[in-house]
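K.L.:
Pasting a structure below so you can have a look.
Each value in this text was obtained by applying a stated rule to the coordinates, not by laboratory testing. Everything quoted here is computed from the prediction, not taken from an experiment. A quick note on method: Cβ atoms are made from the backbone with ideal geometry, for glycine too, and the neighbour counts reach across all protein chains shown.
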Ligand code: C5P
């Protein structure tokens, strides 16, 4: 099937991990490299979209003149950056691995190793996809990601509903060739009213193409209404 053109479309993509400070030199984060989100940004840009990439800390860079990268560190910064541009977007792809919790009160000085046990209290971060999902207008398309280690389709389908996504991309850590840091991925797409679609193991660029084909189809239907 022919590739959809994204010329004239604005797409926001969140990508990468977030870092939540424990003290001035330490943080809580996760294994995300941002590779999948960056591949999506580059492929969307190549197809003509104006891409706004809200990117958590990673050494990787997105490379295309149609991509504006907004670098952030924390979930709160990612939320503020995403919130400030979301209203103008035709679509949003939530590919970031946002830390679910952040230290409630990051220490202003470096913590000392005095006690045998150290307890750090954590507070829930804003759920960016959920919050922007409540603000979504009838024309905007939202794509989510899920990475599960158990009951994968059940949790993916729950997130599709709860976060008001139009479809969700399930990454499985059980699949060889999928997951963090890798250059390949294998995904299953779950939709609201059509059967799910599982890909083979493919380079992240091709996986990005498959996700964007689906996104393009949905954008076409909302603009024709
Ligand atoms: O609930 P869970 O973290 O598994 O949901 C994953 C999806 O929600 C991803 O699309 C992720 O980018 C998004 N998310 C978010 N803000 C959070 C947590 C997750 O946007 N605080």
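K.L.:
Ranking 13, 128, 22, 67 by Cβ neighbours within 10 Å, fewest first, what do you get?
P.N.:
22, 67, 128, 13
K.L.:
Using Cα pairs under 8 angstrom and six or more residues apart, how large is the relative contact order of the chain, in percent?
P.N.:
The value is 20 percent.
K.L.:
Over segment 85-207, what relative contact order in percent results from Cα pairs under 8 Å that are six or more residues apart?
P.N.:
Rounded, it is 18 percent for segment 85-207.
K.L.:
Which one, 34, 87, 16, has the greatest fluctuation when you compute a Gaussian network model over the chain with C-alpha springs under 10 angstrom?
P.N.:
Between 34, 87, 16, it is 87 that shows the largest mean-square fluctuation.
K.L.:
Please report the base-10 log of the normalised intensity I(q)/I(0) for segment 115-158, using a Debye sum with one equal scatterer per alpha carbon and no solvent, at each q in 0.18, 0.27 (1/Å).
P.N.:
The calculated log intensity ratios at q = 0.18, 0.27 Å⁻¹ are -0.78, -1.03.
K.L.:
Need one word for segment 1-44: rounded, prolate or oblate. Basis is the Cα gyration tensor (sqrt eigenvalues a ≥ b ≥ c); a/c below 1.5 gives rounded, then a/b vs b/c decides.
P.N.:
Taking the square roots of the gyration eigenvalues as a ≥ b ≥ c, segment 1-44 is prolate.
K.L.:
Same structure again: Can you give the helix-only mean residue ellipticity at 222 nm for the chain, where every DSSP H stretch with n ≥ 4 adds -39500 (n - 2.57) and the sum goes over all residues, rounded to the nearest 500 deg cm²/dmol?
P.N.:
-8500 deg cm²/dmol
K.L.:
While we're looking at this one, here's another question. Using only alpha-carbon positions, what ratio does the radius of gyration of segment 73-172 give when scaled by 2.2 N^0.38 Å? Spell out each step's value before the answer.
P.N.:
Values: Rg = 16.8 Å, N = 100, 2.2 N^0.38 = 12.7 Å.
Rg over 2.2 N^0.38 Å, computed on Cα atoms: 1.33.
K.L.:
What order do you get for 54, 72, 169 when you list them from fewest to most C-beta neighbours inside 10 Å?
P.N.:
Going from least to most buried by this count: 72, 169, 54.
K.L.:
In whole angstrom, how long is each semi-axis of the equivalent ellipsoid of the chain, when you take the square root of 5 times every eigenvalue of its Cα gyration tensor and sort them from largest down?
P.N.:
After scaling each eigenvalue by five and taking roots: 31, 19, 17 Å.
K.L.:
With 10 angstrom as the radius, rank 117, 43 by how many other C-beta atoms surround their C-beta, starting from the fewest.
P.N.:
Fewest-to-most Cβ neighbours within 10 Å comes out as 117, 43.
K.L.:
Going from the alpha-carbon gyration tensor of segment 1-92, what semi-axes, largest first and in whole Å, does one get by taking the root of 5 times each eigenvalue?
P.N.:
Output for segment 1-92: semi-axes of 26, 14, 9 Å.
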